Every structure is written in C-alpha cells, then in structure tokens.
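Read the figures in this text as sums done on the coordinates, not as results from a lab. All of these numbers come straight from a predicted model, not from anything done at the bench. In this analysis, Cβ positions are derived from the backbone assuming ideal geometry, glycine residues included, and neighbour counts consider all displayed protein chains.
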Amino acid sequence: MFRGSSYHTIDAKGRIIIPTRFRELVSDNGGDGLILSGMDNALVAYPYDKWAEIEDRILRLAEKSSAMRRFRRVFIGGSSDCPLDKNGRILVPPSLRQYAKLEKDIVLVGVLDHFEIWARSQWDAENRCFEDEDMQNEEVKNEIAKLGL
C-alpha cells in the first residue's frame, strides 16, 4: 500500500523521481510504470494492475448519465502511460502538468492503492481545507470516528 508523503521537485523537462518505497509497489503491481490522470486539481498515479481494475469497474458501471460519460471521457481520455526510466523517474506530460499546476515544488502523497502528485501550494491548501472546513463538520467527524480513529 502507498503510504506517507514525499516532498520533491519536478525538473524543467517534467520529470519526477518516484521514491524507492513507491517504486517497489509499482514493480509489484504490474511493472515498470504508472498511469496518470487528473482528479481534484492533482494527479492520480496508479500502477498498471490497479489501473486495469479501475478501467474494469468503469466499464461495468451501469450508470450512463451525461455526467458519467463526461467523467469517463475526461478521466480516461486524459490519462497517460508514464514508464519509469532507469533512474526511477517518470515524465509527466505537459497537459497533466498544466492541469495540476506542477511547476517546481511537489508532494507525492500515498493513498493506499495509488498515490497523488500535488503542487506544493495546492497540497498546503488541501490540508488547510481539511482542518478548517472538513474537521469542523460534525458529519465528517462522525464518518472518521466510525473508522475507530
């Protein structure tokens, strides 16, 4: 499982070093690369095996509303195969860099079956939102309490 956060930089060519602990999980789940797509102003990064599961669930989804068709179009159509190079880096395509506002300082955040790539400023704002808004919401606090936390 992907856990923890790592603070890095993205270079001028759009390359990101994937931490060793994440690379091992990538290797264990389908090979030598990741599929990236955009979600919530960040990038989601899935190993190949986990991405195949996502695609399978999307294909089986009975919901055919215009919003779900749009989601499929944007999420799957905006995805990109990013192989790891010999130095453990991936090249993030310009369109995905632009979507997530990745310019220099970034954070890789483990989220169990995948990890996310955030611009540092966006990640800081996400944390503030969680503390200032979500943790002030009684319903959210109750959901978290159900986890035994």
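Report, in whole Å, the centroid distance computed from the Cα atoms of region 1-28 and region 39-69.
21 Å
Which value, in debye to the nearest 20, describes the size of the charge dipole of the chain about its Cα centre when Lys and Arg Cβ atoms bear +1, Asp and Glu Cβ atoms bear -1, and nothing else is charged?
It works out to roughly 580 debye.
Take the eigenvalues of the Cα gyration tensor for region 5-120, scale each by 5, and report the square roots as semi-axes in whole Å, largest first.
24, 17, 11
Compute for region 1-54: radius of gyration divided by Kirkwood radius, i.e. Rg/Rh, restricted to C-alpha atoms, rounded to two decimals.
On the Cα set of region 1-54, Rg over Rh gives 0.95.
Give, as ranges by residue number, the residues of region 77-110 whose backbone N falls under 14 Å from the point 7 Å along Cα→Cβ of C129.
What the label zone holds, given the 14 Å backbone N cut-off, is 100-101.
Among F130, I35, W118, whose Cα sits farthest toward the positive end of the charge dipole of the chain (+1 at Cβ of Lys/Arg, -1 at Cβ of Asp/Glu, about the Cα centre)?
About the Cα centre, the residue reaching furthest to the positive side is I35.
Identify the GluC sites (Glu not before Pro) of region 26-82 meeting these criteria: DSSP loop state and at most 16 other C-beta atoms within 10 Å of the C-beta.
E63
Mind ranking 26-37, 3-14 by how tightly packed they are, going by the mean number of other C-beta atoms within 10 angstrom, highest first?
Those peptides, ordered most packed to least, come out 26-37, 3-14.
Starting with the fewest neighbours, write out F75, F22 ranked by other beta-carbon atoms found within 10 Å of each beta-carbon.
Listed from fewest to most nearby Cβ atoms, that is F75, F22.
Tell me the net charge near D11. Cut-off is 10 Å between Cβ atoms, D11 excluded, with +1 for each Lys or Arg and -1 for each Asp or Glu.
Every neighbour counted, the sum reads +4.
In which sequence would I117, I90, I144 go, from the one with the fewest C-beta neighbours within 10 Å to the one with the most?
I144, I90, I117
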